[in-house]
Amino acid sequence: MKYLNKINSPEDLRKIDIKNLPVLAEEIREFLVENVSKTGGHLASNLGVTELTIAIHYCLNTPYDKLVWDVGHQAYVHKILTGRKERFDSLRQLDGLCGFPRPDESKYDVFGAGHSSTSVSVAIGIAAARDLAHASYNVAAVIGDGSFTGGMVYEALNNAGKMKTKLLIVLNDNGMSIAKNVGSMSTYLTRLRTAKKYNDAKYEVKTAFSKVPVVGETANSVLSASKKSLKKAMIPGEFFEGLGIMYVGPVDGNNVKELIRTINKVKNFNKPVLLHVVTKKGKGYPPAEKHPEKFHGVGKFDVETGELLKKKDFETYGDVFSKALIRLGAVKKEICAITAAMPDSTGISNFSRFYPERTFDVGIAEEHAVTFAAGLAANGYIPVFAVYSTFLQRSYDQLLHDVCLQNLHCIFAIDRAGIVGEDGETHQGIFDTSFLSQMPNMTVMAPCNKRELIDMLNFAVKELDGPCAIRYPKGAVEDVLGGSTEEISLGKAQKVYSGEKIAIVSYGTMMQTVLDVYRELISAGMNPAVYNARFAAPIDDSFVDELRDFKYIFTVEDNIKTGGYGQSLTEKLFEKDIFGKRIYNLAFPKKFIEAGTRPQLFERYGLDSVSVVNFIKEKVK
């Protein structure tokens, strides 16, 4: 690591001769592969942006100049160059380095990230603040072609062109995000890539004219005057020009010298500039180049072979959902499946192999996905939108206004609900129960095992005629209760064990923890009742009445306490004038939960079986 070892800040980077930067890029790639193989993380995207990140920090005076990352999973190289390489072995670990930009982690992280399509809006806001303060620093946003399918980007671009302020938007185009890009913008970017020959030809013609004595300048003036018509005829970048944004590119995003030359030119333009760079995802590490989708977000792996050290040999809740949806699709021709650029990880790709005409990938556009589903439902179809909990948050208004208000039969299969682990604050799915259960007409369910997930999906499709959400976690399916389940009935909880004095109510996949707690309390001479809540909305009155017989009621859930299942149940008890009970809601606090494994975080926040046993004993004592 001849050069990397000398770098603890971008200031150190700028001391390196430009001719040695390609060597530095290879050192960074070696460092990335070695470290991510031990921690897991987003590898392929970072291998692709190595030269781009080097060039940006080389040309801009960060942190005085402001650099904003979209999503942020491609900011590992940025972290390495900004003084955090010594902590890189703690990446995505409990109390370690965050996998995304975080302003409280470094002054070089201008803005927090984790969700897509936000960077251009942020950068415009920073540029406006700069102008109001009469400052002169540069503002740059780096956004991938996958994020470019999000509608928020076009709201921002429209605003940027109107403001006409100094701003650099770097479009990192690798032709692939988590899944293959879809939609018109993907096609458009493909056209943009092919326009490079025109740009090269234009430069060569202009250079040649300049060398002709006397008439050269006149000829170039004529060429410049006809520039707009030439662009309209030959360059697809006219779309950005029409918005008032100067388009430059495409540029080889893995050629650090060309990048530096180009960035140094465009950073001084007093107008919004979109610099289109084309990179290779996974560059420099053959397994990642061959399978960039596999190495987008990867677990620990063997560096020599690229094989995962811990291969998946278990069935996940997502697998169960996917198979159940395929079976339903055979008998209910009205079922349509929707994904927002995540067909493989949500299981929708399996459905698409059987029913391609009823499968829709709308790109990174969750807001659109929900209202698109509403349109399908309004015309007799049953849309099933499979989405991660953290990304469903983006479509709150569409859920409330376009689906619930009209009581449309849309089903939301919410994957990665609850604690997801190493991706940390931006990805923990601990808010969905709270915001969904407050929406009129919305049914909210959570299964405790494989069989119950299947039954809930069947119930949602065949028995309901309004909106419904089914939440389930990341990871292996539980085999609690022997994998059995009672018939699903709207709002009704399942009694698992009868008892006296103490009732423990489990919501969703906390059932395994609750059963462990039950056994410990039985051993301690207590006789608690155990219930499987199933529904956060609605909650059946007969179940609430049954809780009159208990003095202590404990609810346990993988969600924040505020607005969660426990508080909804408590409200129902008060509505029915059931007082004199000691009610305790065990859930995550109203805060953003850091990165860590599920067991680590459950223990830290008192939701592991040992902590719950001790809590109940203390309160009952």
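The values are calculated or read from the model by the stated rules, or taken from the named source; none is laboratory data. It should be emphasised that the depicted structure is a prediction, and the values quoted were computed from it without experimental measurement. Cβ coordinates were reconstructed from backbone atoms using ideal geometry, including for glycine residues, and neighbour counts include every protein chain displayed. All accessible areas refer to the heavy atoms of the entire protein, side chains included, with ligands and DNA or RNA removed. Shrake-Rupley method; radii C 1.70, N 1.55, O 1.52, S 1.80 Å.
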Assigned charges on the beta-carbon of Lys, Arg, Asp, Glu; the range 385-516 dipole about Cα centre (debye): 140 debye
Within the chain, percent of DSSP bridges classed antiparallel, to nearest 5: 15 percent
Rounded to the nearest 10 Å², the accessible area of Glu500 at probe 1.4 Å: 120 Å²
Amide H partners (placed H, <5 Å) of His115, local residues excluded: Val71
Between 0 and 90°, nearest 10: helix 119-132 axis offset from the chain longest Cα axis: 60 degrees
Whole-Hz ³J(HN,Hα) from phi, Karplus 6.51 cos²θ - 1.76 cosθ + 1.60, for the range 456-467, glycine and proline x: 5, 5, 4, 4, 5, 6, 9, 9, 9, 10, x, x
Sites Asp344 and Glu304 - FRET efficiency at Förster radius 25 Å, r taken between beta-carbons, to 0.05: 0.45
Solvent-accessible surface (1.4 angstrom probe) belonging to His115, in square angstrom, nearest 10: 40 Å²
Farthest toward positive dipole pole in the chain [+1 Lys/Arg, -1 Asp/Glu at C-beta], among Val277, Ile470, Gly99: Val277
Environment charge of Val139, counting only residues whose C-beta is closer than 12 Å and scoring Lys/Arg +1, Asp/Glu -1: +2
Principal axis dimensions, the range 437-580 - Cα atoms, whole angstrom, descending: 44, 37, 27
Efficiency of FRET between Glu575 and Ser484 - r from beta-carbon atoms, R0 25 angstrom, step 0.05: 0.20
Whichever lysines have a C-alpha closer than 21 Å to that of Lys267, once near sequence neighbours (fewer than 8 apart) are set aside: Lys15, Lys66, Lys162, Lys164, Lys166, Lys196, Lys257
Helix 366-377 vs. the chain, principal-axis angle (Cα, 0 to 90°, nearest 10): 60 degrees
Rough spin-label spacing in nm, given labels placed 7 Å along Cα→Cβ, for Arg87 and Glu463: 5.0 nm
Structure-derived Cα extents along the principal axes in Å - corresponding label in (1) 68, 55, 52; (2) 101, 56, 51; (3) 81, 60, 47: (2)
Net charge over other residues, Cβ less than 13 angstrom from the Cβ of Leu453 (K, R count +1; D, E count -1): -1
Within the chain, helix-based [θ] at 222 nm, where runs of 4 or more DSSP H residues each add -39,500 (n - 2.57), nearest 500: -11500 deg cm²/dmol
Accessible area (Å², 1.4 Å probe, nearest 10) - Met456: 0 Å²
Radius 14 Å from Cβ of Asp577, net charge of other residues (Lys, Arg +1; Asp, Glu -1): 0
Semi-axis lengths (Å, descending) of the ellipsoid that matches the C-alpha gyration tensor of the range 12-67: 22, 14, 9
Whole-Hz ³J(HN,Hα) from phi, Karplus 6.51 cos²θ - 1.76 cosθ + 1.60, for the range 35-42, glycine and proline x: 7, 5, 5, 9, 10, x, x, 8
Förster radius 25 Å - calculated FRET efficiency between His291 and Lys332, Cβ distance, rounded to 0.05: 0.10
Helix 317-331 vs. the chain, principal-axis angle (Cα, 0 to 90°, nearest 10): 80 degrees
Links that overshoot a 18 Å alpha carbon limit, given the list Lys2/Lys281; Lys312/Lys474; Lys85/Lys107; Lys581/Lys619: Lys2/Lys281
